[in-house]
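The values are calculated or read from the model by the stated rules, or taken from the named source; none is laboratory data. Quick caveat, the model's predicted, so the values are computed rather than measured. Reconstructed Cβ throughout: ideal geometry from the backbone, glycine too, with neighbour counts over all protein chains shown.
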Amino acid sequence: MMTWIPTRMTPPMAAELTPHLPALHGTAPIVALLIGLFLLLAIARGARALLSLASWALLLGLGALLVSQRAGVDPTFARIASFLHLDAGQEVVGKEVRVRLSPDGHFWVRVRLNGVERRMLVDSGATITALSANTAQAAGLTIRPSLVPVQISTANGRISADTATVADLRLGDIRARNLSVVVSPAFGDINVLGMNFLSMLKSWRVEDGTLVMTPHHPQDAA
């Protein structure tokens, strides 16, 4: 078996290698060019990946914003927002409230909106709680623009409405926090307590001409 033993290079051997060195230098630009192209390709791919991630993040952000805004005016979106924890801390506490049917065939309640008392119609056919412009102003509500215009169907046709949030709504011993509402002068003097409030309750039902509303975890509202 032959064992290779490194030896000291003599000048003749070095001289024999010298003619090959220019050939190595001649390929250096090509190698550098190939490395550069590889790096550019890697950077381009990385940029496309970052752009794709940024696009998805933007779409997810817009989706979350849309869900959080529509949650206030649509119970379906409200359930999605609650699942994704985008419901801005909406909750209802208190004790069971019973309301007798009025002679006009409706359920009317006395409600305090940020401390301002108003008479409101309980309407399970209304998707969203709706306030007149005067009530919203009296309650000190801040009107905010919506990403998607809110259209409300009324007896007089479809109308556009603004959105706002009632920080504190009290109905007897029931207390709702951060309740989303729509506001429009087209509502006149009518204020409506809609399904976005009723759906936050543990249960609500009508029995023997009485509307019974039961919140989650009954407790003192004060």
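Do any residues in the stretch 109-132 that are at positive phi have Cβ atoms under 7 Å from those of residues that are crowded, with 21+ Cβ neighbours inside 10 Å and at pLDDT 95 or above, where the two are at least six apart or on different chains, and which pairs are they? Close Cβ pairs satisfying both conditions: N114/A139; N114/V166.
Inside the stretch 181-194, can you point out the residues that are crowded, with 19+ Cβ neighbours inside 10 Å and modelled with pLDDT of 90 or more?
Selection gives V181, V182, V183, N191, V192, L193, G194.
Just checking, does the stretch 97-111 include any residue being loosely packed, with under 15 Cβ neighbours inside 10 Å and under 30 Å from the mean Cα position of the chain (by Cα)? Among the residues of the stretch 97-111, not one is loosely packed, with under 15 Cβ neighbours inside 10 Å and under 30 Å from the mean Cα position of the chain (by Cα), which makes the answer no. Looking only at the stretch 176-197, residues that are over 13 Å from T127 (Cβ atoms) and among the polar types (S, T, N, Q) come to 3 in all.
Selection of the stretch 166-179 for residues being touching a Ser or Thr at 6+ places or on another chain (Cβ under 8 Å) and surrounded by fewer than 16 Cβ atoms within 10 Å (Cβ to Cβ) yields only N178.
Every condition in (1) over 27 Å from the mean Cα position of the chain (by Cα); (2) closer than 24 Å to G94 by Cβ; (3) modelled with pLDDT under 90; (4) polar (S, T, N, Q) is met by N156 except one, and the failing one is (2).
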